[in-house]
1. So for the pair VAL373, VAL361, with labels modelled 7 Å out along Cα→Cβ, what separation do we get in nm?
2. Provide the net charge surrounding GLU266, with neighbours chosen by a C-beta distance below 10 Å and charges set as Lys +1, Arg +1, Asp -1, Glu -1.
3. Taking 8 Å as the Cα distance limit and 6 or more residues as the minimum spacing, I'd like the relative contact order of the range 227-315 as a percentage.
4. Of GLU370, GLU305, which has the most accessible area and how do the rest follow, probe 1.4 Å?
5. DSSP loop chymotrypsin sites (Phe, Trp or Tyr not before Pro) in the range 313-379 with at most 13 other Cβ atoms within 10 Å of their Cβ, which ones?
6. How would TYR186, TYR144 rank on accessible area, largest to smallest, probe 1.4 Å?
7. Collect residues whose amide H, placed 1.01 Å from N in the peptide plane, falls under 5 Å from the amide H of GLU15; neighbours closer than 5 in sequence don't count.
8. Only loop residues by DSSP count here, and only those with at most 12 other Cβ atoms within 10 Å; note down the chymotrypsin sites (Phe, Trp or Tyr not before Pro) in the range 217-283 that meet that.
Amino acid sequence: MDSAVVATLRSQRIELPSWAFGNSGTRFKVFAQRGVPRDPYEKVSDAAQVNQFTGIAPTVALHIPWDKVDDYADLARHAAGCGVALGTINSNTFQDDDYMLGSVCHPDARVRRKAVDHLLECVDIMDATGSRDLKLWFADGTNYPGQDDIRGRQDRLAESLATVYARLGDDQRIVLEYKLFEPSFYTMDVPDWGTALIHCQALGDKAKVVVDTGHHAPGVNIEFIVASLLRLGRLGGFDFNSRFYADDDLMVGAADPFQLFRIMVEVVGAGGLDPSVGVAFMLDQCHNIEPKIPGQIRSVMNVQEATAKALIVDRDALGAAQRGGDVLGANAVLMDAFNTDVRPMLAEVREGLGLDPDPMVAYARSGYAEQIVKDRVGGQQAGWGA
Ligand code: RM4
Ligand code: MN
């Protein structure tokens, strides 16, 4: 095994979303699962299991107010006690009645202020948890032509963002996420990477773009976006998931492992796995019908496999083929890497870390799933909106 590849795989880091451990579903039905966490502490404990068996998922992102607690430093201590840390703080300006016409872009200054105050509160939380990133995703937009002024909404967005940006500490960042449509269907105020980038550039160096892989129109070349943002030093991170149709939030690498590989090829090519580049590799998923913890373990493994394949691309041969105009040769170099079974290599990497080579089997064997079903009796299960 190539020792540089192994070293990179050992040091790879993937962040887990707290909300992946609670109940979730569609607008048709949420199927509750037994043993699901009832509070942020239990979500963190479950996330720690994923880290325990994969060895590369040592942080968990919070979503505020879903993960509101009285004492964030105490939650951070609980996380440390389970061998993980708290990561990105995700804001939520889409579940309050006041936000029907938007939050930071709302036509009414009072509602905009309320939304900005929530974002400022999220930065206070980051101070307490030691988090670097504030992830902003806005449901803002309009449903009908003429409903509101498109340019006016952009101005309001810029002003709101500037207020939050000014509050960031030296080591804190805004990571701004875009989404093509939903819940607004005519215009979204941050629909694409161009809009996100324009706002980030206006804000300054501590503002970066987040690519949620489920937030594009069908057929969009996501790796091109990734390459472009890396080139500009503006890729703040990923919300990984997979989609068949819209914002499906399914397990990353399930729908299209080849796309995930192509994305990771661009990341590796730009040196984006180096922590100094500042790309946060996060999952943003929901497990509607599958068990949550194994769903996260599988997702981490899928990212790891795509990363390993991207790392074994023969870059010298690729470069030579590209320079020589060898179209088929260059493509063959990429396909050779993609078609390599990297699972034995990853099993060895895990053994080198003192882990079981098969995280799925090891977790199933651990008895944790049975234990939480027994322990978590009573109380209110966490879920979408709680
Ligand atoms: C949005 C977006 C955000 C996530 C929420 C729950 O579609 O992907 O990242 O926090 O959903
Ligand atoms: Mn997302």
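1. Placing both labels 7 Å beyond Cα along the Cβ direction yields 2.2 nm.
2. Numbers: positive: ARG231, ARG262; negative: GLU223.
Cβ neighbours under 10 Å give a net charge of +1.
3. On the way: 107 pairs, mean separation 33.0, N = 89.
Normalised by residue count, the contact order of the range 227-315 is 37 percent.
4. Working: GLU370 100, GLU305 40 Å².
So, going from the largest accessible area down, we get GLU370, GLU305.
5. Numbers: sites: PHE338, TYR363, TYR368; in loops: none.
Qualifying residues, ordered by number: none.
6. Accessible-area ranking of TYR186, TYR144, largest first: TYR144, TYR186.
7. PHE281, MET282, LEU283
8. Working: sites: PHE224, PHE238, PHE240, PHE244, TYR245, PHE258, PHE261, PHE281; in loops: PHE244, TYR245.
For chymotrypsin sites (Phe, Trp or Tyr not before Pro) across the range 217-283 that sit outside H, G, I, E and B with at most 12 neighbouring Cβ atoms in 10 Å, the list reads PHE244, TYR245.
The values are calculated or read from the model by the stated rules, or taken from the named source; none is laboratory data. No experiment lies behind these values; they were computed from the predicted model shown. In this analysis, Cβ positions are derived from the backbone assuming ideal geometry, glycine residues included, and neighbour counts consider all displayed protein chains. Heavy atoms of the whole protein, side chains included, go into the accessibility calculation; ligands, DNA and RNA do not. Shrake-Rupley method; radii C 1.70, N 1.55, O 1.52, S 1.80 Å.
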